[in-house]
Amino acid sequence: MAKRAIPDAILKPFLIAREGEKFVVYADDGGRPTWGIGHLDLHAKIGEKKTQGQVDAAYARDTGIARDRLYDECKAVAIEALSDHQFAALLSFTFNLGEHKDATLWTLISKGQFKQVPAEIMKWDHEDGKVVSGLVNRRKAEVALWNTKD
């Protein structure tokens, strides 16, 4: 089964609103080189300039990785049942969070228990055991996106 297309018309503006779209490499909150739309690049040098083409290619690669992770963790039939907004919300969540193999969220999605997903997303607001306001805001935005009708 082919993987569904990434809903770029929904996801890209959503990510740009949260991550920004940077053409100069900067140090993220953890001091790691980042550019584009939240693209972590440990080989980049702070201050290095990037082109629109490089930013677009990194976005496509990063969102493709997020989509692949969702398909690795959830049943394909469940992913196909999501609305475009729900799919975009999960892509944002996965893009931001990275890989967490044993997340209850994946089980809920695979079982089609979509009504429980927003509460589960909201649990992912900690870093190093502490609630982070930026993550709280990100999760709230993802839940709002999840609840948006196509």
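Any idea which of (1) within 12 Å of the chain's Cα centre (by Cα); (2) closer than 23 Å to Thr148 by Cβ; (3) open to solvent by less than 30 Å² (accessible area, probe 1.4 Å) is the one Arg69 doesn't satisfy?
Looking at each condition in turn, Arg69 falls short on (3).
Please determine whether any residue of segment 39-59 is within 15 Å of the chain's Cα centre (by Cα), more than 28 Å from Lys111 (Cα to Cα) and basic (Lys, Arg). Lay out the reasoning, then the answer.
Kept after step one, since they are within 15 Å of the chain's Cα centre (by Cα), are these residues of segment 39-59: 39-40, 58-59.
Pick out the ones that are also more than 28 Å from Lys111 (Cα to Cα) and you get 39-40, 58-59.
Then keep just the ones that are basic (Lys, Arg); that gives none.
Within segment 39-59, not a single residue is within 15 Å of the chain's Cα centre (by Cα), more than 28 Å from Lys111 (Cα to Cα) and basic (Lys, Arg).
Identify the residue in segment 105-139 that is open to solvent by 30 Å² or more (accessible area, probe 1.4 Å) and among the small types (Gly, Ala, Ser) and, among all such residues, is nearest to the chain's Cα centre (by Cα).
Within segment 105-139, the match that is nearest to the chain's Cα centre (by Cα) is Gly134.
Just to be sure, is Asp150 within 20 Å of Leu15 (Cα to Cα), of a type outside the set (Phe, Trp, Tyr) and open to solvent by 70 Å² or more (accessible area, probe 1.4 Å)? I'd like the intermediate steps shown before the answer.
Working: within 20 Å of Leu15 (Cα to Cα): yes; of a type outside the set (Phe, Trp, Tyr): yes; open to solvent by 70 Å² or more (accessible area, probe 1.4 Å): yes.
Yes.
Taking segment 112-150, which residues are among the acidic types (Asp, Glu) and touching a strand residue (DSSP E or B) at 6+ places or on another chain (Cβ under 7 Å)? Steps first, please.
Our first condition is that a residue be among the acidic types (Asp, Glu); within segment 112-150, this holds for 120, 125, 127-128, 142, 150.
Answer for segment 112-150, where residues must be among the acidic types (Asp, Glu) and touching a strand residue (DSSP E or B) at 6+ places or on another chain (Cβ under 7 Å): just Asp125.
Are any of the residues in segment 90-101 in contact with a strand residue (DSSP E or B) (Cβ under 8 Å, 6 or more places away or on another chain), surrounded by 12 or more Cβ atoms within 10 Å (Cβ to Cβ) and modelled with pLDDT of 95 or more? Step through it out loud before you land on a result.
Start the filter on segment 90-101 by keeping residues that are in contact with a strand residue (DSSP E or B) (Cβ under 8 Å, 6 or more places away or on another chain), which leaves none.
Looking through segment 90-101, none of the residues is in contact with a strand residue (DSSP E or B) (Cβ under 8 Å, 6 or more places away or on another chain), surrounded by 12 or more Cβ atoms within 10 Å (Cβ to Cβ) and modelled with pLDDT of 95 or more.
Which residues, taken from segment 15-59, are open to solvent by 80 Å² or more (accessible area, probe 1.4 Å) and among the acidic types (Asp, Glu)?
Once the filter is applied, which keeps residues that are open to solvent by 80 Å² or more (accessible area, probe 1.4 Å) and among the acidic types (Asp, Glu), segment 15-59 yields only Asp29.
The values are calculated or read from the model by the stated rules, or taken from the named source; none is laboratory data. Here the structure is a predicted model, which is why all the values come from computation and not from measurement. Note that each Cβ is placed from the backbone with ideal geometry, even for glycine, and that neighbours are counted across all protein chains shown. Each accessible area value is taken on the protein alone, full model and side chains, heavy atoms only, with ligands, DNA and RNA left out. Shrake-Rupley method; radii C 1.70, N 1.55, O 1.52, S 1.80 Å.
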